[in-house]
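*Asks:* Right, I'll just put the structure down here and ask away after.
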């Protein structure tokens, strides 16, 4: 009861001053950052420690990681239905609690089976569930400004790329890898649970507001009708899956999830194989992160003003060019150009991840639809490194496979021009 009163007081304190959706955006941005314990850039810090203490080769760790990611992806559609049924508030509490326990459990692993289960738990609750919840909640609070809001929220992920590896290394050096994961579990609880209890509200209509801070009609009955109409617009998951639009979007998100993961995983090896020093390879990551952070608000601004199918198509053309460009990195200037292109690809990819499903299919069943969409993306990420790894074993270089993979986003770019809005409004 006390928490309910505090939560109501939070809403009332902002009412008439600023749109509460901006508070939701701030909370989602921080919780997007808090997904870091389930992300690849955090796990990479602990690979050597796992190999040394558990006696598992890196190939075994990579295989466990890939299968765990795939398993986590298969659970996301069910989670999406839970979000639609129980609301974001309850699900944030449950996922936040389980993410903390998953971190602690990872610090207790003793063998390969436990390692695989811990990978799956962290990938599901961190990389999958928490990011999906943030995107779903934000889609409820913003419509016309959804692109800008998603771009701002994605800056939390950019911050995670910059902070979580360094934080993990400090915890590892100071306390050992097992206690480091205990610390990350406590940090996860300290971030997610207070933000959820104090600020998370399922939908603007439930607290007498409308998306984007729109002003309701003067008549109270009209305002209620406006809120109901806004909240109820949207296709069911079954209806969405039966449309060509769904499958074009699914392929358009599977492709960058797969290819961006491949580039992250093998970027250093590709550049070194082309005769570039490790210092230059590390600098490319920095350029990528900076470009991603800087461009995120611009990406959101573009999505709010330009037809989505055109932006979606151009994004895939950029991704294809990036896959080609890495083959020609032979100096600092070309490395920076590639890093900037890759950073811009990441900015578009992560913004589309939260933006496009609600944009085309509405808000009413967004949890179920977003869950399936996220499953597609995570499935692509789980397969990402395989083609390049096999190609290197066969040919001794990455050039042929990079040129071949560049054809996939070209196909996605072409299909994007056939996107049609299933809902009545033009897109």
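Taken together, the values in this text are just the output of simple stated rules run on the coordinates, not laboratory data. If you're wondering where the values come from, they're calculated on a predicted model, not measured in any experiment. Methodologically, a virtual Cβ is constructed for each residue, glycine included, from the backbone with ideal geometry; neighbour enumeration extends over all protein chains shown.
*Asks:* Sort 81, 146, 237 by Cβ crowding within 10 Å, fewest neighbours at the top.
*Replies:* 81, 237, 146
*Asks:* Using Cα pairs under 8 angstrom and six or more residues apart, how large is the relative contact order of the chain, in percent?
*Replies:* Reported relative contact order: 26 percent.
*Asks:* Suppose each label sits 7 Å from its Cα in the direction of the beta carbon; what would the residue 399-residue 78 distance come out to in nanometres?
*Replies:* Once both label points are built, they end up 4.8 nm from each other.
*Asks:* So, one more: Region 317-394 to region 1-63: how many Å between their Cα centroids?
*Replies:* 21
*Asks:* Relative to the longest principal axis of the chain, what angle (0 to 90°, nearest 10) does the C-alpha long axis of helix 278-303 take?
*Replies:* The answer is roughly 20 degrees.
*Asks:* Right, here's the next one. Using only Cα atoms, locate the centre of region 140-164 and the centre of region 78-127, then give the distance between them in Å, rounded to an integer.
*Replies:* A separation of 22 Å, based on Cα centres.
*Asks:* With r as the distance between the Cβ atoms of residue 40 and residue 175 and R0 = 25 Å, compute the FRET efficiency 1/(1 + (r/R0)^6) and round to 0.05.
*Replies:* Calculated transfer efficiency: 0.65.
*Asks:* Still on this structure, please answer the following. Peptides 179-192, 367-380: what's the order by average Cβ count within 10 Å, highest mean first?
*Replies:* 367-380, 179-192
*Asks:* Using 0.36 nm times the number of residues separating residue 411 and residue 144, minus their current alpha carbon distance, what extension gain do you get?
*Replies:* Using 0.36 nm per residue and subtracting the Cα-Cα distance, I get 93.2 nm.
*Asks:* Calculate the spin-label point distance for residue 294 paired with residue 190, positioning each point 7 Å from the Cα along the beta-carbon direction, and give it in nanometres.
*Replies:* My value for the distance between the label points is 3.3 nm.
*Asks:* List 171, 411 from most exposed to least, where exposure is judged by having the fewest other Cβ atoms within 10 Å.
*Replies:* Ascending number of Cβ neighbours within 10 Å: 411, 171.
*Asks:* Also: Taking only Cα atoms, what is the 0 to 90° angle, nearest 10, from helix 244-273's long axis to the longest principal axis of the chain?
*Replies:* Roughly 30 degrees between the two axes.
*Asks:* Just want the ordering: 78, 364, from fewest to most Cβ atoms lying within 10 Å of their own Cβ.
*Replies:* Neighbour counts put them in this order, fewest first: 78, 364.
*Asks:* Something else about it: Going by alpha carbons, how many degrees (0 to 90, nearest 10) lie between the helix axis of 58-86 and the longest principal axis of the chain?
*Replies:* 10
*Asks:* What full-extension length gain, to one decimal in nm, is calculated for residue 166 and residue 272 as 0.36 nm per residue of separation minus the Cα-Cα distance?
*Replies:* Result: 35.8 nm gained on full extension.
*Asks:* Between residue 48 and residue 86, what length in nm is gained on full extension when 0.36 nm per residue of separation is reduced by their alpha carbon distance?
*Replies:* Value of the extension gain: 9.6 nm.
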